[in-house]
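Asks: Shown below is the structure under consideration.
The values are calculated or read from the model by the stated rules, or taken from the named source; none is laboratory data. The structure displayed is predicted, hence computed values, not measured ones. Methodologically, a virtual Cβ is constructed for each residue, glycine included, from the backbone with ideal geometry; neighbour enumeration extends over all protein chains shown. Quick note on the areas: whole protein, heavy atoms, side chains included, nothing else; ligands and nucleic acids left out. Shrake-Rupley method; radii C 1.70, N 1.55, O 1.52, S 1.80 Å.
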Amino acid sequence: MSDKVSSQIEIATIAGDPTTDPWREFRQVERITLELTQGYKYSLGKYSRFFIELENRRFMATRCDACAKTYAPPRPLCPSCLQPTTWQELSGEGAVETWSVLHFSPGSNADVRALETPFVLAYVLLDGADTLFPHLLKAPPEQVERGMRVRVAYSEGPVQHPIHLMYFVPVSTYEEAP
Amino acid sequence: MAEAVLDCLTDAGLDDLSAVEHGLASYESDHFNLQMTLGAILQDTIGLTPKPSVRIEGGGATGALALRTAWAHVVSGLCDSILVYGVEKNGRGVSSRTANQLFALSADVDWEMMIGGTYTGFYAAMIRAHMAAFGTTERQFAHVAVRNRRNAGFNPIAQKAMDISVDDVLASLPIAEPYKLLDCSLLSDGAACILLATEDWAKAHCPRYGERPRVYFSASGCGTDTMRLGDRYPQITNFRAKREAARQAYDMAGISQPLAEIDVAELYDSYSGVEIQAVEDLGFVAEGEGGPAVASGAFDLDGELPVNTSGGLLGRGAPVGATGILQAIEVTQQLWGVADARRQVSDARRGLTDTHAGIASISVVNIFERAD
Ligand SMILES: [Zn+2]
């Protein structure tokens, strides 16, 4: 597929008098469409245990005892002292610190393409953690507020990216899995 | 890009690049441009081979980081002249959906992008925290969206000048609340070019040397921060990297009262509220006072410190690899006194440019001054 055009956008220099236009030989431009797709097979590396434990309905952070800091999302290496951290399970409950209501999804993967807009992207301070964990909060957008108590809910899948084995829900609407 | 280079040569009064010692390619994305080692192709296109070249990338800060790096090449004595050419094709090559996906790749892919995050969403969460902490309002940041698009009307190279009101911004489609369509900057194709040189080199080679006030690159600062917003908790309202970059640049330039000592500034208004955060982090006003200050008109063309006289990313456009260079060109033209009279700041002697990558994981502040 192609089209042939001549436009100011294609060549920015203003044409002016055609006899003195320095780009007069190049004003016609052809545009084509390419479709490129790539598949990626990649390792989740030292972060893998976080995702593996989601399958077991456990929410894992990492901790540096020397710095007394708990990282969620996990960091295999403590950036403060450059020592490897250790895994630590958290309850999965926490409070909303800030959020946005997204009316547009870029559809980064199949899991996100399945979302209905608008959806809530929340930054949650999990009990026991020192950092905010960003994820989807399945709650009516107008009910979300700072300090709202939420908790991790687990999905059985199948999912394309294992980060979608979890999401947040308000504590008030959480139901234990059967 | 070739057109930007030719413009630059005309401006310097040079017929060709034979005397120029070094090239520097500034572009962010191999994905958008659909070409790797683009720097080598650009160097070839403008006939700078076999001279040395380097490619610089730093997300949204790419253009400013390129100029900072070029400046370091010159002041270190590695070369006496270096052509900095920046280019990006963010605007027309892909749909805005694909553009958001490609930009989201510059977030932390597994933890931020794969959940459905976009930069609009990350910035929105950040400005919401700013609103909660300081009472900043949507009406205040709408003022930025109005002013910068109005300023773009006085800039012939601007992509999207608009005559709009605060109410128009507030009524525009929600994208990532509290940001709405008119709070968001543009996707642009564009290029820009600057020739940096020592004074001796310019005297010896540029026929137009001395025609205009000499402008020199007087200071530069660069700061960094965690990739993810959540890792900055509890400091999530403002840009720590920008404060660090400004501190370094002000120390180098001997500036202690930035609001009084800077005459014109191009700020990174990727979203309207980001300019409010920037005027705080650059020390123009105290933390939390950016909203009222912006809404008061302090940074309008007739205000105390005019910012984004070019129209900024909201009005002029944001071709990433060219953006920081476009900002430096705007500031230089302001210092020369050759900008369109409707946006020219009277007797501007010192100007600042501010850019950052992501949500300021890398931040660069460059300062330019008139020598006379
Ligand atoms: Zn540590």
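Asks: Between a residue in the stretch B:335-348 that is in the same structural domain as B:ASP302 (by TED's automatic domain parsing) and any residue that is surrounded by 17 or more Cβ atoms within 10 Å (Cβ to Cβ) and of a type in the set (Val, Ile, Thr), which pairs come within a Cβ distance under 6 Å, given they are 6 or more apart or on different chains?
Replies: B:LEU335/B:VAL215; B:ARG343/B:THR309; B:VAL345/B:VAL264; B:ALA348/B:VAL264
Asks: Counting just the residues of the stretch B:241-295 that are of a type in the set (Lys, Arg) and out of contact with any strand residue (DSSP E or B) (no Cβ under 6 Å at 6 or more places or on another chain), which one comes out most open to solvent (accessible area, probe 1.4 Å)?
Replies: B:ARG247
Asks: Name the single residue that is farthest from the chain's Cα centre (by Cα) among those in the stretch A:135-149 being without any contact (Cβ under 8 Å) to a residue 40 or more places away in the chain and within 9 Å of chain B (Cβ to nearest Cβ).
Replies: A:LEU136
Asks: Then there's this: Residues of the stretch A:48-69 being open to solvent by less than 80 Å² (accessible area, probe 1.4 Å) and either part of a helix (DSSP H, G or I) or within 11 Å of the ligand (Cβ to nearest atom) (or both), which ones?
Replies: Selection gives A:SER48, A:PHE50, A:PHE51, A:GLU53, A:LEU54, A:THR62, A:ARG63, A:CYS64, A:CYS67, A:ALA68, A:LYS69.
Asks: Residues in the stretch A:78-99 that are within 11 Å of the ligand (Cβ to nearest atom) and crowded, with 22+ Cβ neighbours inside 10 Å: how many?
Replies: Qualifying residue count for the region: 1.
Asks: Going by what's in this entry, would B:VAL320 be described as touching a residue at least 12 places away in the same chain (Cβ under 8 Å), open to solvent by 10 Å² or more (accessible area, probe 1.4 Å) and under 15 Å from the mean Cα position of the chain (by Cα)?
Replies: The answer is yes for B:VAL320.
Asks: While we're here: Only one of A:ALA129, A:ALA110 is crowded, with 22+ Cβ neighbours inside 10 Å and under 21 Å from A:LEU54 (Cα atoms); which?
Replies: Of A:ALA129, A:ALA110, the one residue that is crowded, with 22+ Cβ neighbours inside 10 Å and under 21 Å from A:LEU54 (Cα atoms) is A:ALA129.
Asks: Quickly run through the stretch B:39-60 and pick out the residues that are open to solvent by 20 Å² or more (accessible area, probe 1.4 Å) and either in a loop (DSSP other than H, G, I, E, B) or touching a helix residue (DSSP H, G or I) at 6+ places or on another chain (Cβ under 9 Å) (or both).
Replies: B:THR45, B:ILE46, B:GLY47, B:THR49, B:PRO50, B:LYS51, B:PRO52, B:SER53, B:VAL54, B:ARG55, B:ILE56, B:GLU57
Asks: When only residues in the stretch B:189-229 that are of a type in the set (S, T, N, Q) and assigned by TED's automatic domain parsing to the domain that holds B:VAL146 count, which is least open to solvent (accessible area, probe 1.4 Å)?
Replies: B:SER220
Asks: List pairs: first residue in the stretch A:68-83 and touching a residue at least 12 places away in the same chain (Cβ under 8 Å), second residue near the ligand (Cβ under 6 Å from one of its atoms) anywhere in the structure, Cβ distance under 6 angstrom, at least six positions apart or on different chains.
Replies: From the stretch A:68-83, the pairs are A:CYS78/A:CYS64; A:CYS78/A:CYS67; A:SER80/A:CYS67; A:CYS81/A:ALA66; A:CYS81/A:CYS67.
Asks: Do we find that B:ALA249 is more than 30 Å from B:GLY13 (Cα to Cα), touching a residue at least 12 places away in the same chain (Cβ under 8 Å), touching a Leu at 6+ places or on another chain (Cβ under 9 Å) and more than 14 Å from every other protein chain (Cβ to nearest Cβ) in this structure? Spell out how you get there, then give the answer.
Replies: Working: more than 30 Å from B:GLY13 (Cα to Cα): yes; touching a residue at least 12 places away in the same chain (Cβ under 8 Å): yes; touching a Leu at 6+ places or on another chain (Cβ under 9 Å): yes; more than 14 Å from every other protein chain (Cβ to nearest Cβ): yes.
The answer is yes for B:ALA249.
Asks: Ok, one more. Which residues, counting only those in the stretch A:81-119, are in contact with a Phe, Trp or Tyr (Cβ under 6 Å, 6 or more places away or on another chain) and within 24 Å of B:THR98 (Cβ to Cβ)?
Replies: Result: A:LEU102, single match.
Asks: For A:GLU116, are the conditions met, namely being more than 27 Å from B:ILE236 (Cα to Cα) and not β-branched (Val, Ile, Thr)? Break it down into steps so the answer makes sense when it comes.
Replies: Details: more than 27 Å from B:ILE236 (Cα to Cα): yes; not β-branched (Val, Ile, Thr): yes.
It is true that A:GLU116 is more than 27 Å from B:ILE236 (Cα to Cα) and not β-branched (Val, Ile, Thr).
Asks: Would you say A:ARG75 is out of contact with any helix residue (DSSP H, G or I) (no Cβ under 6 Å at 6 or more places or on another chain), modelled with pLDDT of 95 or more and more than 16 Å from the ligand (Cβ to nearest atom)? First the steps, then the outcome.
Replies: Values: out of contact with any helix residue (DSSP H, G or I) (no Cβ under 6 Å at 6 or more places or on another chain): yes; modelled with pLDDT of 95 or more: yes; more than 16 Å from the ligand (Cβ to nearest atom): no.
No.
Asks: Are any residues in the stretch B:64-119 free of Cβ contacts under 8 Å to residues at least 60 places away in the same chain, within 13 Å of chain A (Cβ to nearest Cβ) and surrounded by fewer than 19 Cβ atoms within 10 Å (Cβ to Cβ), and if so, which ones?
Replies: Result: B:SER95, B:ARG97, B:THR98, B:VAL109, B:ASP110.
Asks: From the list B:TYR123, B:TYR85, B:TYR119, which one is in the same structural domain as B:GLY58 (by TED's automatic domain parsing) and of a type in the set (Ser, Thr, Tyr)? Before the answer, list the steps.
Replies: Numbers: B:TYR123 fails: in the same structural domain as B:GLY58 (by TED's automatic domain parsing); B:TYR119 fails: in the same structural domain as B:GLY58 (by TED's automatic domain parsing).
Selected residue: B:TYR85, the only one of B:TYR123, B:TYR85, B:TYR119 that is in the same structural domain as B:GLY58 (by TED's automatic domain parsing) and of a type in the set (Ser, Thr, Tyr).
Asks: For the stretch B:20-37, how many residues are surrounded by fewer than 20 Cβ atoms within 10 Å (Cβ to Cβ) and in contact with a strand residue (DSSP E or B) (Cβ under 7 Å, 6 or more places away or on another chain)?
Replies: Selection size over the stretch B:20-37: 2.
Asks: Give, as residue ranges, the helices (runs of 4 or more DSSP H) completely inside the stretch B:72-158 that count at least 2 residues that are over 17 Å from A:VAL112 (Cβ atoms).
Replies: B:119-134, B:138-152
Asks: If I ask for residues that are surrounded by fewer than 18 Cβ atoms within 10 Å (Cβ to Cβ) and within 16 Å of B:ASP300 (Cβ to Cβ), which ones from the stretch B:143-160 would you list? Give the steps one after another, and end with the answer.
Replies: First pass over the stretch B:143-160, keeping only residues surrounded by fewer than 18 Cβ atoms within 10 Å (Cβ to Cβ): B:153, B:156-157, B:160.
Residue satisfying the conditions is B:GLY153 alone.
Asks: In the stretch A:51-74, what residues are touching a strand residue (DSSP E or B) at 6+ places or on another chain (Cβ under 6 Å) and of a type in the set (D, E, K, R)?
Replies: Across the stretch A:51-74, the qualifying residues are A:GLU53, A:ARG57, A:ARG58, A:ARG63.
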